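**Q** Before I ask anything, let me first share the structure, which is written out below as structure tokens.
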Amino acid sequence: DIQMTQSPSSLSASVGDRVTISCRASQSISSYLNWYQQKPGKAPNLLIYAASTLQSGIPSRFSGSGSETDFTLTINSLQPEDFATYYCQQSYSSPYTFGQGTKLDIK
Amino acid sequence: QVQLQESGPGLVKPSQALSLTCTVSGGSISSGGYYWSWIRQHPGKGLEWIGNIYYSGTTFYNPSLKSRIAISVDTSKNQFSLRLTSVTAADTAVYYCARAMTTMIDYWGQGTLVTVSS
């Protein structure tokens, strides 16, 4: 199985900050990397797919980059509704594994 | 707008089988182009992909669960289902059904908590 490792596991930031979350794959996954946001008690929501393509309806302050094994999710100018847990997921090969999550909370 | 809704028992006894159904609205499973998925999330933990099914019935399972799971589809009811046998407390989780394109999951159900306990 491909292991997905996110860092940091948790992060405190303020409204208006720029934050980055990293995701590393245990082997090359080309650009088959997705990012999801999950709020408490809710299902995950797709933010970015194919490493850098913004899902329809997602604000442009979210962006993704990377390829092969190293990927980054960047959130510019944090808004109150962005405080949530973020997961990366590889869709390169089955089983389609997720990272352990990064919890972003208010400083 | 595609919507998915999980249904099934919220409590299952150890060693028994867990059965969940996902009803899809706003789109037809038979239209093709999508995989229909089950994902679970242990309490306070991360996400685990369980498996996918295509409208034709072709399935893809997580090897870690393959010996215990079966995913089926009923296109006449626009539903797909999960059966997980020989459950233990370790199978207690929120179970999500979802729609997946080849590379990402774009629609999720709200999730249903299944507790394994006697």
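**Q** Tell me which lysines have Cα within less than 23 Å of B:Lys13's Cα, excluding those fewer than 8 residues away on the same chain?
**A** Of all the lysines, those that pass the test against B:Lys13 - Cα under 23 Å, at least 8 places apart if same chain - are B:Lys45, B:Lys66.
**Q** Per residue of A:89-98, count partner chain C-beta atoms within 10 Å of its C-beta, then hand back the mean as an integer.
**A** Average neighbour count from other chains, rounded to a whole number: 6.
**Q** Run down the aspartates and glutamates and flag those whose C-alpha is under 17 Å from the C-alpha of B:Lys77, throwing out any fewer than 8 positions away in its chain.
**A** Cross-link targets: B:Glu6.
**Q** For A:Arg61 and A:Arg18 in one chain, what is 0.36 nm times their gap in residues minus the Cα-Cα distance, to one decimal in nm?
**A** Gain in length upon complete extension: 14.6 nm.
**Q** To make sure I understand, if each residue's beta carbon is the centre and we count other beta carbons within 10 Å, what order do B:Ile29, A:Ile106, B:Ile69 fall in, fewest to most?
**A** The most exposed by this proxy come first: A:Ile106, B:Ile69, B:Ile29.
**Q** Continuing with the same structure: If each Cα of the protein assembly as shown is one equal point scatterer, what is log10 of I(q)/I(0) from the Debye formula at q = 0.09, 0.13, 0.15 Å⁻¹?
**A** The Cα Debye sum returns log10 ratios of -0.36, -0.75, -0.99.
**Q** Between the stretch B:53-69 and the stretch B:97-118, what's the alpha-carbon centroid distance in Å?
**A** Each part reduced to its Cα centre gives a spacing of 14 Å.
**Q** Which one of B:Arg68, B:Arg99, B:Arg40 has the biggest mean-square fluctuation once chain B is modelled by GNM with Cα springs under 10 Å?
**A** B:Arg68
**Q** Just counting partner chain Cβ atoms within 10 Å, what average do the residues of peptide A:47-54 show around their Cβ?
**A** Per residue, the number of nearby Cβ atoms from other chains is 1 on average.
**Q** Which of A:Asp70, A:Asp82, A:Asp17 moves the most in a Gaussian network model of chain A with Cα springs under 10 Å?
**A** The residue with the greatest mean-square fluctuation here is A:Asp17.
Laboratory data are not the source of any read-out in this text; all were calculated from the coordinates shown. All values derive from a computational prediction rather than experimental measurement. Cβ coordinates were reconstructed from backbone atoms using ideal geometry, including for glycine residues, and neighbour counts include every protein chain displayed.
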